[in-house]
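Asks: Got a structure for you, questions after.
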Amino acid sequence: SERSLVLVKPDGFARGLTGEVLRRIEAKGYRLVALSVLTASPEMLHRHYAEHEGKPFFEALVEFMSSGPLTAAVIEGERCIEGFRSLAGATDPTLAPPGSIRGDLGRDWGEGVQKNIVHGSDSPESAAREIGIWFPQL
Ligand code: GTP
Ligand code: MG
């Protein structure tokens, strides 16, 4: 089995979409292993988004992601990393297919693609690293 780190980002949290995202994860058949509501520090987000450091959108992304509470979760199930990426849909909610979280619930709010509701780990290595940041007790 496999684990993935999922975030309901501050935009999704503020819109009250945490339950809808968790519902889709559970309906798909994945198990919740850990769940937390918190406001992330810029330091945590610099670690979480280390691969994007130096990119033009990096500072705005950290500011947005630390702007308010979010939900962090660890999910578990065979191939849940790619499974959740499929549930989430493409990074740009305008282009994410209907049926996906971003495609059904997201849109362009005139601020680029940063408000795209969810994050999901993109590889087993990323998942292990990210779970260590958000749930160091696991
Ligand atoms: P995550 O699951 O959040 O990692 O999304 P992703 O894997 O689909 O995208 P990626 O890792 O490439 O980028 C991380 C996050 O940075 C995205 O989800 C967006 O919130 C934001 N982002 C990515 N590219 C851009 C961009 O070109 N402009 C802006 N403003 N934000 C971006
Ligand atoms: Mg990513």
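Asks: Please go through segment 1-82 and write out the trypsin sites (Lys or Arg not before Pro) that DSSP classes as loop and that have at most 15 other C-beta atoms within 10 Å.
Replies: Taking segment 1-82 and a limit of 15 other Cβ atoms within 10 Å, the loop trypsin sites (Lys or Arg not before Pro) found are 15, 79.
Asks: The chain: Rg/Rh from Cα coordinates, Kirkwood Rh?
Replies: 0.93
Asks: Would you list which lysines come within 23 Å of residue 28, measuring only between C-alpha atoms, while excluding same-chain residues fewer than 8 positions from it?
Replies: Filter leaves 9.
Asks: For the residue pair residue 35 and residue 111, what label-to-label distance in nm results when each label sits 7 Å from Cα along the Cα-to-beta-carbon direction?
Replies: Once both label points are built, they end up 2.6 nm from each other.
Asks: Here is a further query. Along its three principal axes, how long is segment 71-131 when you only count alpha carbons? Whole Å, largest extent first please.
Replies: Taking max minus min along each principal axis of the Cα atoms, segment 71-131 gives 33, 21, 18 Å.
Asks: Here is a further query. Once the other residues with Cβ under 14 Å from the Cβ of residue 80 are scored (Lys, Arg +1; Asp, Glu -1), what is the net sum? Before the final figure, lay out each step's value.
Replies: Values: positive: 3, 24, 28, 31, 79, 85; negative: 2, 26, 76, 78, 82, 122, 130.
Overall, the nearby charge balance is -1.
Asks: Lys and Arg at +1, Asp and Glu at -1: add these up for the other residues within a Cβ distance under 14 Å of residue 114 and post the number.
Replies: Details: positive: 9, 55, 102, 107, 115; negative: 11, 59, 63, 92, 108, 111.
Here the charged neighbours net out to -1.
Asks: Separate question: Grab the beta carbon distance between residue 91 and residue 137, set R0 = 35 Å, and tell me the FRET efficiency rounded to 0.05. Present the calculation step by step, with values, prior to reporting the outcome.
Replies: On the way: r = 30 Å, r/R0 = 0.85.
Using R0 = 35 Å, I get an efficiency of 0.75.
Asks: Order of 78, 2 from fewest to most other C-beta atoms within 10 Å?
Replies: 78, 2
Asks: Arrange the following residues from fewest to most other Cβ atoms within 10 Å of their Cβ: 37, 118.
Replies: 37, 118
Asks: Give me the one-decimal nm value for the distance between modelled label points at residue 123 and residue 58, 7 Å along each residue's Cα-to-Cβ direction.
Replies: 1.8 nm
Asks: For the chain, what does the helix formula give at 222 nm: sum of -39500 (n - 2.57) over DSSP H segments with n ≥ 4, over the residue count, nearest 500 deg cm²/dmol?
Replies: Here the helix-only value at 222 nm equals -11000 deg cm²/dmol.
Where a number appears in this text, it was derived from the coordinates with a stated rule and is not lab data. Just so it is clear, the model here is predicted, and its values are computed rather than measured. Positions of Cβ are generated from backbone atoms using ideal geometry, with glycine treated the same way; all protein chains shown enter the neighbour counts.
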